[in-house]
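We did not get these values from a lab; they are worked out from the coordinates using the rules stated. Note that the structure is a prediction, hence the values are computed from the model and not measured. Counting neighbours? That spans all protein chains shown, and the Cβs are built from the backbone with ideal geometry, glycine included.
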Amino acid sequence: MEAAATNQSVPTTSESQQQNASYPHIFKPLDLGHTTLKNRIVMGSMHTGLEDRFYNYGKLAAYFAERAKGGVAMMITGGISPNREGWLLPAGGTMNRKTDVINHQRVTRAVHKHDSKIVMQILHSGRYGYHPFVVSASAIKSPIAPFKPRQMSIKNIQSTVEDYARCAKLARQAGYDGVEIMGSEGYLLNQFLSKRVNKRTDEYGGDIHGRMKFPLETVRAVRAAVGDDFIIIFRLSMADLVPEGNVMDEVITVARALEEAGVSIINTGIGWHEARVPTIVTSVPRAAFTDFTAEIKRHVSIPVMAANRINMPETAEQVLAEDQADLIQMARPFLADADWVNKARNGKTDRINTCIACNQACLDHTFEHKRSTCLVNPRACYETELVYNKAKKPKKVAVVGGGVAGMSAATVAATRGHNVTLFEAKDILGGQFNYAKVIPGKEEFFETIRYYINEMQHQGVTVKLNTKVTKEMLDKGKFDHVIIATGVVPRSLEGKLEGAELPHVISYADLLNGTATVGDKVAVIGAGGIGFDVSEYLTSKHGQPLHELGEQTLKDPSYRPKAQSIKAWREEWGVTLDTDYQSDGGLQKPEPITPVRQVYLMQRTKGRLGAGLNKTTGWVHRAHVKSHGVMQMAGVQYEKVTAEGIWVTNPQGQSQLLRVDTVVVCAGQESVNDLMPNVGDAPDAEYHLIGGAKLAAELDAKRAIRDGAEVAAQI
Ligand code: NAP
Ligand code: SF4
C-alpha cells in the first residue's frame, strides 16, 4: 500500500473532534487587579539546569522566549534560592546580590518582547538540598536526601525571611512580573507547615498556627519589599501524601491566611518528593487531583491554579469549565511543545506534541545533574544549538523505517524543506511505541504516534507503508540522503534455549500486537523495562485483553487505549480527598489488588529486579509488580522449556520447574541495519544510521528521536 502524505489516514484524539472550536475558558483573560493574564495557561516551574550557571542565561532566555512566542500567558522559572542554605545543588541558582540581576534581565527582556509574563520561583530546598549546609524546621533527615539538616534557630528563620524579601526585590529589579514562593513538594516552607518534619516547641512549631508562622512572615516581608503591583504566587501543598502530612482543614487554614498576607495566586501542589504515591508519571490519570484544587477554591477569593498531569487542551478546558480552578499550570507539556497555546487557539490541537509524562529526558536528567530536555522534543533547552533552519537547497531524502526515529527524521527534514519519502515495511507506523501504548498506564504513548503521523502529513512527507525496501530500490531512487531507521527485532532465544521454538513460547511483540494468547500462569524471561511492562499488562485488570481487541484494532492509528479511571487509580494507590478533613496528608489504605494471572518475572543477573529502570519512574514499576503479586526471581539460569513449563536453576543451584502455560521472551533486541552500505560500496546517496538500528543494546526512544532530529537538522 502506498499512502501519499495527503491521503494517509490521520488518527484523531478526542481533542481533535474540537479542532476548530475554541476553548472559551482557556482563552478568557484573568484580571489580577494591577495586571491581566491574557489566557489561563501558565507554564510551571521546571528545573532545567540552565539556571544554575551565568553562562547559560543566553540559552535560558531563548528557551523561555520560544515558549512566550508560543502564546503562554505566564511562565515560572526553575527554582532560584534566596541564599546558600537554600541551594538544591551545590552552587545552584541563587539571587542574593545586585550582580545576579543582570543575567536574569536577559530572560525577562526576551520574554516581554512576546507579550508574556514571567515570574521567578524562589525555592529554598530545606532538607532536600544536596549539600552539607542544609537546614530545616527540625533536625530530621529526609529518606531521599543525603544530608541531615540543622534545625533553624529563630535568628536563622528571621534572616531567611529577609533573604526571601531581598530575593523578591532583586527579582523585581530584574524585570520579573512576580515571584512564586515554593511552599509545596516537601521543600523548606512545606517542612515547616507539616508536623512530619516540624517538631519544634517554640512559636514556629506546634499547631498549624505556629507551623505557618514562618511561611506567613515570608509572604508579608516579600509583599512589603515588592509593593502591591507585583504578582506573588504561593505554591501550597494540597495533599502531602506522606504520613503526618497536613489534613485538609489545615491546608484551608493556611490558604486563607496566605490570602490575607498578600498572596495574589495560590498554585496547588500535590505530594512531597519523598511520597510513595506517584503524582506525575504517565500512569497517573490526567487531571487526577483537580478536586483538591476545587476544594481550596471554595475557601479563598484569590485565583487558584491546578497542576499535575494536565497535558492537553480538552482536559485544561474541562477543569476550568467545571470551575475547579482559575488557572492551569503545566510544566513538562511546554518542554514537549513550545507552541501548545497557539496550536490550541488556532484549532491545531492534533498537532500538539504531547508530553507523555515519561520523565526520561526532563526529571531523570535533573536527578542525574544533566541539562533537562524532552524525549519527544530534543530541541527543548537546546533552542540555540539544535536549529531547524530552512535548507539552502532542498534534497531528496529517503527515510527507511516508520518508528519514532524515522518519523522524527522525516518530520524535521520535511520541515526544513527537503523532499522526503518514508518507507515502512509493515502496515503500521510507530514501531516500538505501538507496544508501549497498550501497556496499562502508558496510553499516552499513543499521542506521540498521532503527532508524528499528523506532522508528516502537514509537512508533505510521502509515506509508503507495506514497502520492504531493498538496496536496489534505494539506488534507483536517486536519493541525496538515505536515513536508515529500521529499528530492532525482539531477541529470539531459539537455538539458545532448548524448547524456545515451542508454540507456547512467544515474544513480547507477539503478545502486545494482539496476535498471541496467554494462559493463566506465565513466565517472563528478562526483567528490563519491557519485562516489567509485560508483567504489569499480564496482571492488571484494567484494559481489554489485546488478543480480544485484535490485530486490526491495534493497528488502527486512531485507536487510543482507555486509561485507568481516576477513582480506580486512587483506590489502588490510596489517595483520598477526605471531606471530613481528617485524612492524614490525603492518604488512605490502598485497596488490595487481585492479579489477573500468576506471573514469574526472571533475570539471570543477581540482585534487585528493575535496578536499571529510570530514577523517577522505576520505583513506580517496582511497586506495581510487587502489588500485583508478580513473583520476582533474580540470579536464575534457564535450562529448558517443556510442555509443562520452564525449568530453571535457582540461585541456590537447585533445578526447579515453574509450571506455566506461556513463556514470554523479553530478552532485549537486536538491530536491523542490513540496508547500510558495506565497506567498499560507493553509493550515490549519503547514508545515515539512527536509533535502534544503530545501537540496540541501549534501545532508547529518547536517543532514537534525538538521532532523527539531529541528522535531519544537518542534511
Ligand atoms: P533490556 O532493558 O536490555 O532488558 C533485557 C532483559 O533481558 C534483561 O533483563 C536481561 O537480563 C535479559 N536478557 C538479555 N539477553 C538475554 C538472553 N540471551 N537470554 C535471556 N535473557 C536475556 O531490554 P528491554 O526490556 O527490551 O528494554 C529495551 C529498552 O527500552 C531499554 O533501554 C529500556 O530502558 C527501555 N524501556 C524502558 C521501560 C521502562 O522504564 N519502564 C519500559 C520499556 C522499555 P539478564 O541478562 O540478567 O538475564
Ligand atoms: Fe514530558 Fe517525557 Fe518530555 Fe519530560 S521527557 S517533558 S515527561 S515527554
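Across the range 263-394, Cα pairs under 8 Å and at least six residues apart give a relative contact order of 19 percent.
Between the range 303-367 and the range 661-715, the alpha-carbon centres lie 31 Å apart. Using the average count of surrounding beta-carbon atoms within 10 Å as a protection proxy, the listed peptides 268-280, 251-263 rank, highest first, as 268-280, 251-263.
With only Lys, Arg, Asp and Glu charged, each at its Cβ (+1 for the first two, -1 for the last two), find how big the charge dipole of the chain is about the Cα centre; round to the nearest 20 debye. Here the chain has a charge dipole of around 1700 debye.
Averaging the sequence gap over all C-alpha pairs within less than 8 Å and six or more residues apart, then dividing by the number of residues, gives the chain a relative contact order of 14 percent. Note on the range 595-691: Kirkwood radius taken over Cα pairs, Stokes-Einstein applied at 4 °C and 1.567 mPa s, translational D equal to 77 µm² s⁻¹. Hydrodynamic estimate: the Kirkwood radius of the range 357-464 over Cα pairs, inserted into Stokes-Einstein at 10 °C and 1.306 mPa s, corresponds to D of 106 µm²/s. The shape of the range 32-91 can be summarised by an equivalent ellipsoid whose semi-axes, obtained from the alpha carbon gyration tensor, come to 25, 15, 9 Å from longest to shortest. Seen from all directions on average, the range 493-550 presents a Cα convex hull projection of 4.2 nm². Pairwise Cα distances in the range 13-128 exceed 18 Å in 57 percent of cases. Taken along its three principal axes, the alpha carbon spread of the range 505-668 comes to 57, 43, 27 Å, from the longest extent down to the shortest. Here the range 27-352 carries DSSP beta bridges of which approximately 5% are antiparallel, counting only pairs with both residues inside. What separates the Cα centres of the range 208-262 and the range 412-443 is a distance of 46 Å.
Under the combined filter of DSSP loop state and at most 15 neighbouring Cβ atoms within 10 Å, the range 437-486 retains these trypsin sites (Lys or Arg not before Pro): Lys468, Lys478. When only alpha carbons of the range 328-398 are considered, Rg and Dmax amount to 14.5, 43 Å. The value obtained for the range 62-118, namely the Cα convex hull volume divided by the number of residues, is 82 Å³ per residue.
Across the range 61-140, Cα pairs under 8 Å and at least six residues apart give a relative contact order of 42 percent. A simple packing score, the average count of other Cβ atoms within 10 Å per residue, orders the peptides 623-632, 555-564, 308-317 as 308-317, 623-632, 555-564, with the highest score first.
Legend: calculated FRET efficiency, Arg298 to Thr36, from the Cβ-Cβ distance at R0 = 22 Å, rounded to 0.05, equals 0.35. Candidates Ala145, Val399, Gln329 compared by Cα position along the dipole of the chain: farthest toward the positive end lies Ala145, with charges placed on Cβ. Amide hydrogen proximity for Lys117: with H placed 1.01 Å from N in the peptide plane, the residues at 5 or more positions away or on another chain lying under 5 Å are Met74, Met75. Taking the DSSP bridge list for the chain and keeping only pairs wholly inside it, about 20 percent are antiparallel. Shape of the range 384-525 from the C-alpha gyration tensor: prolate (a/c of 1.5 or more and a/b above b/c, with a ≥ b ≥ c the square roots of its eigenvalues).
Taking a straight Cα-Cα cut-off under 23 Å and skipping sequence neighbours fewer than 8 places away in the same chain, the lysines within cross-link reach of Lys393 are Lys476, Lys478. Taking only the Cα atoms of the chain, the ratio Rg/Rh comes out at 0.98, with Rh defined as the Kirkwood radius. Helices in the chain, meaning DSSP H runs of at least 4 residues, each add -39500 (n - 2.57). Divided by all residues, the mean residue ellipticity at 222 nm is -8500 deg cm²/dmol. Reported value for the range 27-352: 116 Å³ per residue, from the convex hull of its C-alpha atoms.
Taken over the Cα atoms of the range 179-223, the convex hull encloses 61 Å³ per residue.
Looking at this model, which pairs from Lys541/Lys589; Lys117/Lys141; Lys148/Lys297; Lys117/Lys348; Lys28/Lys343 are more than 26 angstrom apart at the alpha-carbon? Flagged as over cut-off: Lys117/Lys141; Lys148/Lys297.
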